[in-house]
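Visitor: Dropping the structure in here first, questions after.
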Amino acid sequence: MNTQESIIEAAIALFNLKGYQGTSIRDIARRANVNPANIAYYFKNKQGLLEECLIYFFEPYLSFLEQETEKLENDSAQLCLIRSIKKVMYFQSKHYQLARFVWREVTIDSQTSREMISLYLMKEQYFFTTMIQSALKENKTPVSISMIVIQLKGMLMMPYLNNLYVREVWGMIPQEPYFAEKYFNSIKNWLLVLIGSEEESVSSNIKKLPV
């Protein structure tokens, strides 16, 4: 791990533990075992470091959605949608602290990250809406597409905002691979019922997907 990565990892851990406002540059430098000047060199200030943490999360997250949206012309829309969710679930589980911090930051209406997060969330909404519209086609559902997107978004965020509740209900923690698989299957089954099922073909293809 290089110096820049060490700083980002230290910042993520401390932002989770103490919050963004409660964490100082010196705290981060101490945890990363670097000089505070290194942080200024790579990120300018704490705001720049925060933005880098958001990029560190949202760029790969959105790339999963974009990749699957681009495959809609050749693959089943249901498969693309479910495949994107599986990728997202395993990414979040692998980067548990980062996901927890980012989704918590999303709930805070602060100027610090509002504009940047809003841009990412608009892209996320577009990709999910496009895939869900394609998956529905002629199928009718009593739930509007916008509401499906909101519910899906809430499901993806929930384990990282309500860790204690997940542990109480399932006896697992979100950073466990087993949790990611079980939770993904729950979301998949919910979506397939809601948008019209091609469950056998979707399930057989999803099992072949590496994580």
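The values are calculated or read from the model by the stated rules, or taken from the named source; none is laboratory data. The structure presented is a predicted model; accordingly, all values stated were derived computationally and were not measured. Reconstructed Cβ throughout: ideal geometry from the backbone, glycine too, with neighbour counts over all protein chains shown. The accessibility values were calculated without ligands, DNA or RNA, using every heavy atom of the protein model including side chains. Shrake-Rupley method; radii C 1.70, N 1.55, O 1.52, S 1.80 Å.
Visitor: May I ask you to say which residue of GLN97, GLN92 is open to solvent by 40 Å² or more (accessible area, probe 1.4 Å), closer than 30 Å to LEU191 by Cα and either assigned to a helix (DSSP H, G or I) or not hydrophobic (A, V, I, L, M, F, W, C) (or both)?
Guide: On inspection, the qualifying residue turns out to be GLN97.
Visitor: Are there any pairs, at least 6 apart or on different chains, whose C-beta atoms fall under 8 Å, with the first in region 154-171 and within 16 Å of TYR96 (Cα to Cα) and touching a residue at least 12 places away in the same chain (Cβ under 8 Å) and the second among the basic types (Lys, Arg) and surrounded by 14 or more Cβ atoms within 10 Å (Cβ to Cβ), and if so, which?
Guide: The qualifying pairs are TYR160/ARG100; TYR160/ARG104; LEU161/ARG100; LEU161/ARG104; ASN163/ARG100.
Visitor: Right, something else. Restricted to region 1-17, and to residues that are part of a helix (DSSP H, G or I), open to solvent by 10 Å² or more (accessible area, probe 1.4 Å) and free of Cβ contacts under 8 Å to residues at least 24 places away in the same chain, which residue is farthest from VAL102 (Cα to Cα)?
Guide: GLU5
Visitor: Would you confirm, using the coordinates I've provided, whether VAL143 is at pLDDT below 90 and under 15 Å from LEU194 (Cα atoms)?
Guide: yes
To keep it simple, each residue is scored yes or no on (1) surrounded by 18 or more Cβ atoms within 10 Å (Cβ to Cβ); (2) at pLDDT 90 or above; (3) under 24 Å from GLU66 (Cβ atoms).
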{"residue": "GLU105", "(1), (2), (3)": "yes, no, yes"}
{"residue": "ARG114", "(1), (2), (3)": "no, no, yes"}
{"residue": "GLU138", "(1), (2), (3)": "no, no, no"}
{"residue": "ASN189", "(1), (2), (3)": "no, yes, no"}
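Visitor: Please enumerate the residues belonging to region 18-56 that are open to solvent by 50 Å² or more (accessible area, probe 1.4 Å), within 24 Å of the chain's Cα centre (by Cα) and polar (S, T, N, Q).
Guide: GLN21, GLN47, listed by residue number.
Visitor: Within region 61-81, can one find any residue that is open to solvent by 10 Å² or more (accessible area, probe 1.4 Å), in a helix (DSSP H, G or I), closer than 18 Å to PRO159 by Cβ and not acidic (Asp, Glu)?
Guide: Within region 61-81 (the criterion being open to solvent by 10 Å² or more (accessible area, probe 1.4 Å), in a helix (DSSP H, G or I), closer than 18 Å to PRO159 by Cβ and not acidic (Asp, Glu)), the answer is yes, since at least one residue qualifies.
Visitor: Another one. Starting from region 18-45, take each residue that is hydrophobic (A, V, I, L, M, F, W, C) and at pLDDT below 90 and list its partners that are open to solvent by 90 Å² or more (accessible area, probe 1.4 Å) and not in a loop (DSSP other than H, G, I, E, B), counting only C-beta distances under 8 angstrom and pairs at least six apart or across chains.
Guide: Listed by first residue and then by second, the contacts come to nothing, as the list is empty.
Visitor: For region 118-148, how many residues meet the condition of being more than 23 Å from ILE55 (Cβ to Cβ) and within 14 Å of the chain's Cα centre (by Cα)?
Guide: Of the residues in region 118-148, 0 are more than 23 Å from ILE55 (Cβ to Cβ) and within 14 Å of the chain's Cα centre (by Cα).
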